[in-house]
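Visitor: First the structure, which I've put down as structure tokens, then a few questions once you've had a look.
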Amino acid sequence: MAIKWREKMSVDGGLIDQDHKHLIDIINRFEEISADGLDTDEANEILYALKFYTATHFEREEQVQRLVNYPYRDAHASEHRELITALDEIIDGVKQGEHADDEASRLRLNQFLHDWIVNHIIGSDLRMSPFIEGFKQGELGLGALKDVECSPDAF
């Protein structure tokens, strides 16, 4: 059940949405490779890519929140840390061979990743949209954030 981007998931019509689309692509790729069992090396490669890009995205998103004076940014940052912790646990489980030969376990893992990205975008990120739009109306925009970098060790 691949995740499909829908316009109703749009947060900013720009950089944050592009990040979300890329994260969705990574999760869809993981689901695709895990359909017939998990090759640990390939699964870890995709999960590490997901973790790195997620950390970069979360840093960028938190910078946007500071820029637009998002009042719920502390709670949102806490949610980000929880998601990174959950992703670390998944990576550890895959390294230890969990999910490899158990179809029900792989399905739960794929469902978790699916729900993780969709629920985070719809349940949390969309609340930023009015603040981003207000900033765009009164300021120069968010273009400078395209160059934001962060260390994957930040999380």
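The values are calculated or read from the model by the stated rules, or taken from the named source; none is laboratory data. Just so it is clear, the structure is predicted and the values come from calculations on it, not from any experiment. Cβ atoms come from the backbone with ideal geometry, glycine included; neighbour counts cover every protein chain shown.
Visitor: Going by the structure shown, is G134 outside any helix (DSSP H, G or I), loosely packed, with under 15 Cβ neighbours inside 10 Å and modelled with pLDDT under 90?
Guide: No; evaluated as a whole, the condition is false for this residue.
Visitor: Let me ask another. Hey, could you check the stretch 90-107 for residues that are loosely packed, with under 12 Cβ neighbours inside 10 Å and in a helix (DSSP H, G or I) and say which is modelled with the lowest pLDDT?
Guide: Among those residues, the one meeting the criterion is A104.
Visitor: Sticking with this structure for a sec: Tell me whether the stretch 40-55 contains one or more residues that are in contact with a Cys (Cβ under 9 Å, 6 or more places away or on another chain) and within 28 Å of G134 (Cα to Cα).
Guide: Yes, the stretch 40-55 has at least one match.
Visitor: Which condition breaks for N110 when tested against (1) in a helix (DSSP H, G or I); (2) surrounded by fewer than 17 Cβ atoms within 10 Å (Cβ to Cβ)?
Guide: Of (1) in a helix (DSSP H, G or I); (2) surrounded by fewer than 17 Cβ atoms within 10 Å (Cβ to Cβ), only one is false for N110: (2).
Visitor: Starting from residues that are touching an Asp or Glu at 6+ places or on another chain (Cβ under 8 Å) and among the small types (G, A, S), keep the ones in the stretch 9-37 and report whichever is farthest from I91 (Cα to Cα).
Guide: S10
Visitor: Can you report the number of residues in the stretch 1-43 which are touching a helix residue (DSSP H, G or I) at 6+ places or on another chain (Cβ under 6 Å), in a helix (DSSP H, G or I) and of a type in the set (S, T, N, Q)?
Guide: Residues flagged as touching a helix residue (DSSP H, G or I) at 6+ places or on another chain (Cβ under 6 Å), in a helix (DSSP H, G or I) and of a type in the set (S, T, N, Q) within the stretch 1-43 amount to 1.
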